[in-house]
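Below: one structure, written as structure tokens.
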Amino acid sequence: MSDAKSGTDDGWVDPRLRALEQLLALPATELRPTLDMAGQLISELMSADKVDVFLFEQATQCLVAVGTSDTPMARLEKALGLDRMPLANGGRAVQVFEREAPFITGHQEDDPEELPGIKHRLGVRSSLMVPLPIGMETRGVLSVTSARNDFFTDHDLRFLHIVARWVGMVAHRVELVQELTRLAVKQARRKAAEELITVLAHDMANHLLPLQARIQLIQRRATRKQDAEDLRDAAGAAASLRSLTRLINDLLDVGRLDQDLFSLRPQLVDLTGLVRELAATASTPGHPVRFEASEELVLVADPDRVRQVLENLVANALKHSPPGTPVDLRLEALARPEGPWVRVTVSDQGPGIPADLQPMLFERFVRGPGSTGLGIGLYLARRIAEAHGGTLEVSSTSRTGTRFEVSLPVAAG
């Protein structure tokens, strides 16, 4: 044992408390520099030749010394590549991580379970290793080593357990700060982009009316001249303009929702008639839209907004359905404790939505595979359903396809 470690237990209290206080005072900015400082603090306190804060790296299945002391043995470790320990190679650090059990030895050179590079090339003779908890799980190993035999005691091992918990708290705090910073930057960028899109949508909307008037003028002129080619081109331009108009209106709706300016015009709606008409309009020979309803249903809602939701869901279903397969629209009444509801189900037989995308599906600007839109249709659809006091849910698998369910109260809330 070194001179620095001699003395009574009382002599140990203040230095160790000060070290723990210093650990908590480390800056919570970047993980590697913070853990390097933690390793150096522990090394100085315990007069160790090397301290490593190993963290498990999932991608490579390695324990990686993310934090190390600034000591000759630690620098040699890096030069030899021993700061990365593949789990497949075994060794004491790997055992401590996998078994979540501490390890102590004063004669590392005689340990058949330790890696030869640790014993012979680094010259480690004494080791303390404890599992490193971060958050609610073991994420690595805290290792303290010396080039002298019988250097550490059981008392040191107990203290290292305490230190590991404190280092784990420091690492967790750094990770949380980094995640919060990343989210804040992402949110700031997203907000700036959304504001820009809303401004552009307003500017584009100002040009729609004169453009529509010009296309109508061309259509009337082509009709007078009975020019089939011009009529076809004008009809195509009008269809494209309608698509652009819907896109701009959707973008403006996003802005209204953000500014709490989104409003509904509720009235009595023949939902059965609305859904039946939508099915008939959307149906094509290559993609029939089948409609099913057990009874005539009415509710109090904004008919234009309900149609907007259902048109979006049907358009998505048609887009992702294999050729020749139908899209099913089903309307039914629901009895709930709070009163009568209705449910409209839109089902397709497409490839389904990836499971990792489904939790984010109703967020704005989230697009699925093969999507060419902006990713705001489903976001608006759910917000419109919620504005009516209802819900919009999805279930999807690669085997059964995708099913959207819009549920709305019959009476306005």
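The values are calculated or read from the model by the stated rules, or taken from the named source; none is laboratory data. Predicted model only: the values in this text are computed from it and were never measured. Here Cβ is always computed from backbone atoms with ideal geometry, including for glycine, and neighbour counts include all displayed protein chains.
Descriptive notes on the structure:
- Selection from segment 334-366 of residues that are part of a strand (DSSP E or B) and surrounded by 15 or more Cβ atoms within 10 Å (Cβ to Cβ): Trp341, Val342, Arg343, Val344, Thr345, Val346, Ser347
- Residues in segment 397-413 that are surrounded by 22 or more Cβ atoms within 10 Å (Cβ to Cβ) and either farther than 15 Å from Leu329 by Cα or of a type in the set (A, V, I, L, M, F, W, C) (or both): Phe404, Val406, Leu408.
- Which listed residue, of Glu98, Glu77, is crowded, with 16+ Cβ neighbours inside 10 Å, within 37 Å of the chain's Cα centre (by Cα), among the acidic types (Asp, Glu) and more than 16 Å from Leu157 (Cα to Cα): Glu77
- Subset of segment 384-413 [in contact with a strand residue (DSSP E or B) (Cβ under 9 Å, 6 or more places away or on another chain), touching a residue at least 24 places away in the same chain (Cβ under 8 Å) and assigned to a helix (DSSP H, G or I)]: Ile384, Ala385
- Residue in segment 97-104 that is of a type in the set (Val, Ile, Thr) and either at pLDDT below 95 or more than 17 Å from Ile162 (Cα to Cα) (or both) present: no
- Failed item in (1) in contact with a strand residue (DSSP E or B) (Cβ under 8 Å, 6 or more places away or on another chain); (2) not in a helix (DSSP H, G or I), with Pro322 passing the rest: (1)
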